[in-house]
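The values are calculated or read from the model by the stated rules, or taken from the named source; none is laboratory data. Bear in mind the structure is a predicted one, so any value in this text is a computation, not a measurement. Cβ coordinates were reconstructed from backbone atoms using ideal geometry, including for glycine residues, and neighbour counts include every protein chain displayed. These area figures cover heavy atoms from the full protein model, side chains too; ligands, DNA and RNA do not enter into them. Shrake-Rupley method; radii C 1.70, N 1.55, O 1.52, S 1.80 Å.
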Amino acid sequence: MNRETFDLKGLICPLPVIRTQNKIKTLNSGDILVVLCSDPGALHDIPAWCRIHGHEIIDSQNKEGEITLTIKVVH
Amino acid sequence: MLAAQLILDQGIHVEGINFYTGFCVEGHTHAIRKKDRNKAKRNDALWVAEQLGIKLHIIDVIEEYKAVLLNPKHGYGANMNPCLDCKCFMVKKAQEWMAENDFDFIITGEVLGQRPMSQRRDTMQIVVRDTDPHERLLRPLCAQRLTETVPETEGWVDRKRLLGLTGRSRKPQIKLAENYGFNDYSQPAGGCCFLTDKAYSSKLIDMWTARNDRNYELDDIMLLKVGRHLRPKPHFKLIVGREEGENRFLEGYRKQFTYLRPTSHAGALALLDGTAQNKDEIELAARLCARFSQGKQAAIVSIAVKELGKEEYTLDVSPLKANDIPEDWYL
Ligand code: SF4
């Protein structure tokens with residue numbers, strides 16, 4: 001099981017979702033991806049994308065506009 | 001959404017594809033403008049996919065889309081929207097995706113006659129002719145009025161259970177959506193991207209004219225969505241934030257542009273796109289920036305100027321008056 005951090009700060013939706021989607025394709029089931037972003041839309045869109053693809057959001061934080069989403073990859 | 005549901009009803013596995021050209025309306029605007037932040041921050045395509053219980057793949061076509069926008073074989077719509085070429089492009093991309101991912105056919109939600117240009121029978125045929133030699137493009141909402149496609153002739157879908165909708169009225173779709181229990185059914189009645197917007201299109205044309213080059217980067221087309229744009233000289237324009245959210249967004253570009261901001265009064269950040277050729281032009285930019293600050297009635301406003309590659313300095317200027325700004329400076 002790998003743990004990777006992916007910095008997508010400064011990107012505006014839907015780019016954080018697209019980048020997360022493409023990144024997850026390269027990861028294995030059980031891997032953890034920590035996504036950092038700044039667009040508040042990502043707080044909604046990335047979890048929505050994860051739900052429809054069956055990946056788990058294990059943590060979601062928004063500290064003064066710094067968003068951190070922790071995703072468990074499920075293929 | 002309805003087209004996908006009709007096909008799902010026939011027990012067929014459906015996945016969604018959403019192409020991101022950089023001009024798509026949703027997403028950015030709510031992220032940028034503070035006043036829009038209270039609106040639901042949903043991505044419509046993801047929302048639809050979730051309602052339908054299907055997967056959605058969002059595909060970045062920013063680079064490839066440039067060729068579509070810059071040289072559309074079938075020309076533009078009312079503004080800079082190359083809808084017909086855009087549809088052909090998206091169908092072609094969907095076909096590539098279909099082949100790579102072992103899918104059998106493509107569906108779209110078009111209705112014959114719904115949109116004046118891109119959903120007429122002849123233009124819909126153009127999309128088929130230009131992109132679909134294998135007849136795998138099915139439009140479930142109006143299929144009964146179109147030539148049979150492979151999914152129908154092969155019996156993968158039951159043509160009788162598809163629809164024959166035509167015309168501009170969206171009532172039948174709304175009724176259908178109600179029958180399915182889609183209570184928040186919202187499909188854009190107009191365009192789905194900024195290229196259908198008159199003001200946006202004229203800013204895009206202005207940018208190309210000023211640069212004498214029609215190429216563009218994602219940052220360029222994003223910035224056209226934000227702030228007031230004023231062009232006092234052919235070789236530079238100012239982009240002035242209209243509110244806090246836009247200012248924050250523009251601040252992200254401070255390393256790439258000369259920028260100005262009022263220091264003696266509250267006011268917006270202004271990016272200078274292009275080059276001010278001398279001190280007078282910088283002063284003109286500063287006076288414009290002052291005009292959009294809270295010091296617009298003051299005799300003097302201090303403006304911090306940070307030119308690319310130079311140290312920041314301050315100019316004390318008198319704000320331009322409203323009637324000093326010719327109408328045609330506003331883009
Ligand atoms: S409105 Fe839709 S079809 Fe027309 S150019 Fe924009 S994305 Fe393409």
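Whole-Hz Karplus values for region B:297-302 come out as 8, 6, 5, 9, 10, 8 Hz, taken residue by residue from phi with 6.51 cos²θ - 1.76 cosθ + 1.60 and θ = phi - 60°; glycine and proline positions read x.
In the elastic network of chain B, a GNM with C-alpha springs shorter than 10 Å, the most mobile of B:Glu15, B:Glu154, B:Glu110 is B:Glu154. Pairing chain A with chain B buries about 1700 Å² of accessible area. This figure sums both sides and uses a 1.4 Å probe.
By the scheme Lys and Arg +1, Asp and Glu -1, what is the net charge of all other residues having a beta-carbon under 10 Å from that of B:Phe103? Residues near B:Phe103 contribute -3 overall. Positive contributions from Lys and Arg (+1) and negative ones from Asp and Glu (-1), summed over other residues with Cβ under 13 Å from the Cβ of B:Gly16, come out at -2. The accessible-area loss of region A:43-58 on complex formation, taken against its chain alone with a 1.4 Å probe, reaches 10 Å² or more at A:His44, A:Asp45, A:Ala48, A:Trp49, A:Arg51, A:Ile52, A:His53. When Rg and the Kirkwood radius Rh are both evaluated on Cα atoms of chain B, their ratio Rg/Rh stands at 1.07.
With the cut-off at under 20 Å, measuring from each backbone N in region B:95-127 to a point 7 Å along the Cα-to-Cβ line of A:His53 picks out B:95-103.
Residue-wise HN-Hα couplings along region B:233-240, as the Karplus relation 6.51 cos²θ - 1.76 cosθ + 1.60 with θ = phi - 60° gives them from phi, are 9, x, 9, 8, 9, 10, 10, 10 Hz; Gly and Pro carry x.
The amide H of B:Ile58, built 1.01 Å from its N in the peptide plane, has B:Asn18 as neighbours under 5 Å, considering only residues 5 or more places off or on other chains. A simple spin-label model places the labels of B:Ser202 and B:Asn101 4.0 nm from each other, with each point 7 Å out along Cα-to-Cβ. Just how many % of Cα pairs in region B:168-247 lie over 18 Å apart, if you round to the nearest whole percent? More than 18 Å apart: 58 percent of the Cα pairs in region B:168-247.
For region A:3-72, the alpha-carbon coordinates run over 31, 19, 18 Å along the three principal axes, in decreasing order. State the percent of C-alpha pairs, over all pairs in region B:2-195, separated by a distance greater than 27 angstrom. Everything past 27 Å amounts to 29 percent.
Taking a point 7 Å out from the Cα of A:Ser29 in the direction of its Cβ, none of the residues of region B:52-89 has a backbone N less than 12 Å from it.
Rounded, prolate or oblate for region B:253-306? Axes are the square roots of the Cα gyration tensor eigenvalues, ordered a ≥ b ≥ c, and the cut-off for rounded is a/c under 1.5. Judged from the Cα gyration tensor, region B:253-306 comes out oblate (a/c at least 1.5, b/c at or above a/b).
Dipole magnitude for the protein assembly as shown: about 1080 debye, using +1 per Lys or Arg Cβ and -1 per Asp or Glu Cβ, origin at the Cα centre. Adding -39500 (n - 2.57) for every DSSP H run of four residues or longer, then dividing by how many residues the protein assembly as shown holds, sets the calculated 222 nm ellipticity at -10000 deg cm²/dmol.
Counted by Cβ distance under 15 Å from B:Thr123, the other residues give a net charge of +4, where Lys and Arg count +1 and Asp and Glu count -1.
Restricting the calculation to Cα atoms, the protein assembly as shown shows an Rg/Rh of 1.02 when the hydrodynamic-style radius is the Kirkwood one. Spin-label model, B:Glu15/B:Ala298: points 7 Å from Cα along the beta carbon direction are separated by 5.8 nm. Output the relative contact order of chain B, whole-number percent, from Cα pairs under 8 angstrom with separation of 6+ residues. The value is 14 percent. Between the alpha-carbon centres of region B:222-241 and region A:28-75 there is a gap of 35 Å. Modelled spin-label separation between B:Thr153 and B:Glu311, with each label point placed 7 Å from Cα along the Cα-to-Cβ direction: 7.7 nm.
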